[in-house]
1. Shielding by partners for B:359-365, please: the mean number of other protein chain Cβ atoms within 10 Å of each residue's Cβ.
2. Would you please put B:315-326, A:79-90, B:359-370, B:434-445 in order of how densely packed they are, using the mean number of other Cβ atoms within 10 angstrom per residue and starting with the highest?
3. Just want the ordering: A:Y16, B:Y306, A:Y70, B:Y357, from fewest to most Cβ atoms lying within 10 Å of their own Cβ.
4. Per-residue Cβ counts within 10 Å, from other chains only, averaged over B:216-228: what number is that?
5. What does the highest-first list of B:227-233, B:390-396 look like by mean Cβ count within 10 Å?
6. Filter the cross-link list B:K298/B:K409; B:K332/B:K409; B:K409/B:K443; B:K409/B:K432; B:K140/B:K443 down to pairs whose alpha-carbon distance in this structure exceeds 20 Å.
7. Suppose we keep just the DSSP beta bridges with both residues in the protein assembly as shown; what percent of those would be antiparallel, to 5?
8. Which helices of chain B meet both criteria: a Cα extent of 27 Å or more along the helical axis and a mean Kyte-Doolittle score no lower than -0.5, with helices taken as whole DSSP H segments?
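Taken together, the values in this text are just the output of simple stated rules run on the coordinates, not laboratory data. Predicted model only: the values in this text are computed from it and were never measured. So basically every Cβ, Gly included, is an ideal-geometry build from the backbone, and we count neighbours across all protein chains shown.
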Amino acid sequence: MEKLVFDPRILMASLYVFALAAFLGYQIISRVPPLLHTPLMSATNALSAISVVGAIVMAGRENHHSISTYLGFIAVISASINVVGGFLITDRMLKMFKRDVRVKTADKKGNSK
Amino acid sequence: MNIYIEITYLAASILFVFGLKGLTHPDSARRGMLLAAAGMTAAIVGTLFHPEIVRYHWIWIGLLIGGVIGAAMSIWMPMTSMPERTALSHAFGALAAALVGIAEYENYGGSMGKLKVGALGFEIMLGCLTFTGSLIAFGKLYGVVKGTPITFKGLNIFNMGLLAVMIGSFIYLAYDPSVAVAFYTMMTLALCFGVLLVIPIGAADMPVVMSLLNSYAGLAAAATGFVLGNNVLIIAGTLDGFSGFILSVLMCRAMNRSINNVLFGAFGSVSHTAADTAIGNMREVTLEDVAVQLAYAKQVVFVPGYGMATAQAQHAVRDLANLLEARGVSVKFGIHPVAGRMPGHMNVLLAEANVPYSVLYEMDQINPDLPRTDVAVVIGANDVVNPDARDNPGSPIAGMPIIEVDRAKSVVVLKRGTGKGFSGLENPLFFKPVTGMLYGDAKSSITGLAQAVREV
């Protein structure tokens with residue numbers, strides 16, 4: 001049974017996690033090149049679909065009202081669309097980014113294949 | 001709380017951070033995302049052993065339906081539809097967070113503590129407004145909702161009022177968590193607010209809106225983490241929230257506008273008096289002229305915009321670039337941060353067409369190169385190359401950094417017709433003596449150019 005009232009110590013610990021994650025996120029993400037901004041958006045979108053874990057518990061546990069189970073069920077669907085879709089499309093995009101696919105003829109002066 | 005489940009969550013958090021770290025370079029990006037996906041799988045599998053779970057059928061069915069839809073969307077969605085897909089996925093993410101919150105309130109309602117209900121309120125408000133806001137953004141990108149700003153007199157005041165009532169019900173709820181009316185009022189108003197927040201924004205400002213919605217969806221997930229006391233949710237949600245926030249700031253900077261101005265300015269609907277002063281004639285050029293110019297150039301810079309995406313011209317552009325390179329022309333691409341409808345939109349399209357990322361240059365890298373460039377080819381871009389932003393302090397886009405194609409020795413603008421661009425602004429670039437206009441659909445123009453270059 002999860003706690004319905006915030007233990008202030010847990011709230012503080014959660015705030016610490018939040019602050020550190022925010023700092024870490026800022027440090028890492030400001031170094032992502034504009035080249036990869038679209039994959040970055042779909043990747044972070046897939047990550048935040050981790051709310052699927054909350055949805056799974058909601059859909060599977062003994063709820064006071066069955067409506068909660070159904071809401072949890074819909075939440076599982078929409079979150080898992082993002083989990084599966086987000087990772088797959090990010091990979092599909094990243095696969096396309098290649099450093100060099102052709103021989104640079106300009107640099108090699110007639111030495112092209 | 002089961003310690004083993006907690007360990008999978010910890011592992012997931014660490015793998016997520018490594019995954020994002022991978023995205024700082026295209027070579028390490030795929031491996032990074034693989035790690036993140038492994039983390040996600042671990043967290044989901046771990047959760048399936050949660051002691052409170054008593055029946056599994058809803059979980060399996062839900063995961064199956066969601067997985068199939070998600071996989072289908074990502075396999076068959078064309079790359080030009082990335083902005084639409086992203087808007088939809090923001091909506092799904094926000095919906096999931098909001099529904100978990102509503103279910104939580106349905107379960108415990110009045111017996112929740114005040115702080116807990118406070119966190120729940122954030123989750124519901126952010127989740128609901130992101131859900132409807134993202135759906136409207138999707139509608140605008142897909143063309144179901146009018147792309148131009150839809151606004152009415154007093155909209156901002158109306159929004160402020162709505163926001164005030166929403167926050168009022170939130171405070172009331174936190175004061176007395178058992179008042180379900182306050183909860184549902186807050187929820188309904190958040191749903192309305194999401195719609196009203198996005199409809200007055202023009203489609204050209206979509207990069208900012210997409211980034212902001214990305215941020216809100218992440219923060220909604222983080223708030224879910226606070227409510228459920230789940231750290232991996234807080235971490236992943238916060239990373240997402242900050243990523244969206246950073247992107248919004250970058251996009252706003254690339255337009256020299258504040259977030260407030262984008263959200264409440266209804267850009268593009270105002271009448272421009274100062275801008276309509278561009279005079280002179282536009283010089284129309286033929287395919288053959290341009291082909292000769294390109295074929296004998298030393299350096300050519302392509303500047304793509306949303307027009308390239310709508311015309312699906314990226315593959316044709318790659319063919320033309322290959323032909324030119326084979327002739328010894330140095331080909332580069334100059335990409336403005338807000339070109340297209342979402343951050344990085346142009347890069348993905350060109351990568352899809354097999355253009356190597358080593359020839360994709362950011363605005364600040366390409367600008368010093370332009371005076372040495374023989375021909376700059378603008379493909380369906382307008383505002384991002386509008387010299388008024390630099391020269392005319394009275395212009396509505398004054399101060400916006402641009403790709404300075406007018407400094408190149410010669411400019412060719414590919415444009416569908418003689419009309420004004422998306423923002424309705426006059427673009428003096430089109431009237432400059434160095435500029436030649438090539439009218440027609442971008443894809444057929446580029447294909448025609450490639451044909452003509454072959455014959456030169």
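1. Per residue, the average neighbour count from other chains is 2.
2. Top of the packing list down: A:79-90, B:315-326, B:434-445, B:359-370.
3. A:Y16, A:Y70, B:Y357, B:Y306
4. The per-residue average across the peptide is 5.
5. Highest-to-lowest ranking by the protection proxy: B:227-233, B:390-396.
6. Cα-Cα > 20 Å for B:K409/B:K443; B:K140/B:K443; rest within.
7. Of the beta bridges lying entirely in the protein assembly as shown, close to 5 percent run antiparallel.
8. Long hydrophobic helices here: B:3-22, B:26-48, B:57-76, B:82-108, B:114-142, B:155-175, B:180-198, B:206-228, B:231-255.
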